[in-house]
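Written below as structure tokens is the structure these notes are about.
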Amino acid sequence: MPYLPVSWTSRLITLVGASMSAYQLYVALVGPPDAYVMRGLHLGFALALAFLVLPGLNGRAARVGVVDIIFLLIAVSGALYPLMNLDYIVLRMPYVDDPTFYDYVFGTALTVMLLEATRRATGLALPIIAIVFIAYGLTFGNQSFAAMFDQIYLTTEGIFGIPLYVSATYVMLFILFGAFVERSGAGQLFMDFALALAGHSAGGPAKVAVITSSLFGTVSGSAVANVMTTGTFTIPLMKRTGYNAGFAGAVEAVASTGGQLMPPIMGAAAFVMAEFLGVSYLTVAAFAVLPALLYYVAVFMAVHFEAKRIGLKGLPKPDLPRIGTVLRERGHLFLPLFVIIITLLMGYSAAFAALSGIGSVIPTTWLRASTRGVFTLPAIIETLEAGARNTVVVALACATAGIVIGAITLTGLGLSFTGVVLAISQDSLILALVLTMAAGILLGMGLPTTPAYIVQVALLVPALVKLGVQVEAAHLFVLYFAVLSAITPPVAMAVYAANGISRAGLMETSWAAVKLGLTGYIIPFMFVFSPSLLLIGDVGTVMLTVVTATVGVTCLAAGLHGYFFFGPLRYWERIMLMTAALALIKPGFITDLIGAGLIGLTILSQLYARPASTSLSAEEKNSTSR
């Protein structure tokens, strides 16, 4: 098969990628055009990049062939057809006026090419799910082909629906912001800042991984990208200082996964959540901030207790950067993050905040000589291209998820599924939550976070709300488990990425990641039963919940890793601490008293029931968490 010359392909990718980013910046600056125009162009650019960046029928060929160019032209023509016939599309009556011959030709072409591009970008799972829902609508859903086609292609309830709208307005701008921040050298700032803060303490390199990944996660919003960026430094460093390869990879995977849950810039699904809830992105970030901080407190303390248990020391202070020097030389690179936060707090939209952040990155680099020459014209073009490349997977996943949502809406499957969940759970909220957790993890294993969240919103969230869960907590609950699938065996993408660097056994790393991230699986249940963790309620209740939850997750980390502040734990002390953790995590005065009492008993046992010189055996020191 004839191929395009590599130089042509490279120039074409740069042209399409930079044009896509420039168009999104223009739209953010002057305001969005008609829905079909904005979403159609956004999807057209994404499809073009997909067939250029992921050429070949297997999505792995190194060169772009004639078939890829044909697919590209067909896909783009299908995406642009509605905006080229905008008056006709807007004036026709959906489900009443029959689609024309050309509607069928271009709509079918777009749907097929979209599924193929999504397969190349994300794998088979999402396209298969979309096909299954289309088939359901045509068979058990009792819908005609014309009605299904109308819903999916000729309205804003399908491919051009809310998920694609969110990708075209908010998500790409924040991804582009992340690309500019990364190019500015902020990654090195995050690393040096974390080393200066925690590098000298017990298990310092692992704590550096946690801090760095949480900081980088605020701009990347992608677990795998986070692992591959920060893990290349932190995983080898952890291995050199005494952690085994499996635990080192697990720390990076778990810490990176939390980035999608960490404000100020969460993963793409958070922007979709804001649209579904009808609230601002800042409100969603406020809901998420305390659970995210608890997640990282738990991981940080788990790392600390594991380091103390196996006797690991920190890095020598003379070898570490000084916090004052780091802030003096590169601290100005934090400013774009503050610009976004301040803009959101002033009440502006998320899109305007992202645009303001992007606009502040280049002037910020001019404040110090060490970063002044970072953004040359070629560097800016490369950054625009990188931002567009990073958007492709999200845009295609959102468009394909739109097919699923369109089929669910048209057939009323969401209501039927809600009835099934309620019937199986027998009106038991705990059972319904466990079923939802399992569904979220299973969907997240095969899908990117955003479509996994979207499908659950349509199928599972209504059942939770009917059982009395606050709608905000229900949405965040399903989001958490879609995110945590990245560290849940057997399909754990963040673990796979970390394993590629650590070279450890896959299952060893996977189970270590589950153990480290176990608190993350409990936190969603916490805010379902205690919405004060989402900053809902009076200040006193919120503060009490934060304190008890923080103590609870710390005790859980200690119990799981066999070490508390006063030394190693025996098995019954571990059981007492884990029981105390669960008691503190559950809201209520009685459970808080029980938790406090069990912690007191554990401390007394540690202080008075063993010799002061008690320490781990050499064999224990050579082991890691089991």
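Tabulated values for the structure
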quantity	calculated
Square roots of five times the Cα gyration tensor eigenvalues for segment 6-128, Å	26, 20, 12
In degrees, nearest ten, helix 493-502 long axis to first principal axis of the chain (Cα)	60
Highest-first arrangement of 514-523, 373-382, 531-540, where packing means the average Cβ count within 10 Å	514-523, 531-540, 373-382
Estimated 222 nm signal from helices in the chain, with DSSP H stretches of n ≥ 4 weighted -39500 (n - 2.57), rounded to 500	-24000 deg cm²/dmol
Phi to ³J(HN,Hα) by Karplus 6.51 cos²θ - 1.76 cosθ + 1.60 over segment 418-425, Hz, x for Gly, Pro	4, x, 5, 4, 5, 5, 5, 6
Using θ = phi - 60° and Karplus 6.51 cos²θ - 1.76 cosθ + 1.60, couplings along segment 475-488 (whole Hz; Gly, Pro as x)	5, 5, 4, 5, 5, 4, 6, 5, 6, 5, 4, 5, 10, 9
Tilt relative to the chain, helix 429-446 - C-alpha long axis, 0 to 90 degrees, to 10	60
Three principal axis lengths of segment 464-518 [C-alpha, angstrom, descending]	46, 16, 15
Globularity index of the chain, i.e. its alpha-carbon radius of gyration over 2.2 N^0.38 Å	0.99
Calculated log₁₀ intensity ratio I(q)/I(0) where the Debye formula runs over C-alpha points of segment 164-391, q = 0.17 Å⁻¹	-1.22
Radius ratio Rg over Rh of segment 302-452, counting only Cα atoms, Kirkwood formula for Rh	1.13
Pairwise Lys count, the chain - Cα closer than 29 Å, eight or more residues apart or different chains	22
3J(HN,Hα) from dihedral phi, segment 195-201, Karplus parametrisation 6.51/-1.76/1.60, rounded to Hz, x for glycine, proline	4, 5, 6, 10, x, 8, 7
Order by protection proxy (mean Cβ within 10 Å, highest first), peptides 341-353, 150-162	150-162, 341-353
Relative packing of peptides 276-289, 136-149, 240-253 - highest average C-beta neighbours within 10 Å first	240-253, 276-289, 136-149
5 angstrom amide H check on Tyr563, placed H, neighbours 5+ away	Leu569
Selected from Val90, Tyr36, Leu12, residue furthest toward positive end of dipole (segment 6-128; charges at beta carbon)	Leu12
In degrees, nearest ten, helix 268-277 long axis to first principal axis of the chain (Cα)	80
Over segment 314-383, volume per residue of the alpha carbon convex hull, in Å³	142
Cβ-based charge dipole, the chain, positive-most Cα from Gly267, Thr283, Ala75	Gly267
Percent breakdown of C-alpha pair distances by 5 Å bin, ordered from the shortest bin, for segment 125-189	4, 15, 14, 16, 13, 9, 8, 8, 6, 4, 3, 0
Potential lengthening between Tyr26 and Arg240 on full extension [0.36 nm per residue; Cα-Cα distance subtracted]	72.3 nm
Anisotropy class of segment 458-556 from Cα gyration tensor, a/c 1.5 cut	oblate
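Every number here is computed from the coordinates shown, using simple stated rules; none is lab data. Computed from a prediction, not measured in an experiment: that's the story for all the values here. Here the Cβ is made from the backbone with ideal geometry for all residues, glycine too, and neighbour counts use every protein chain on show.
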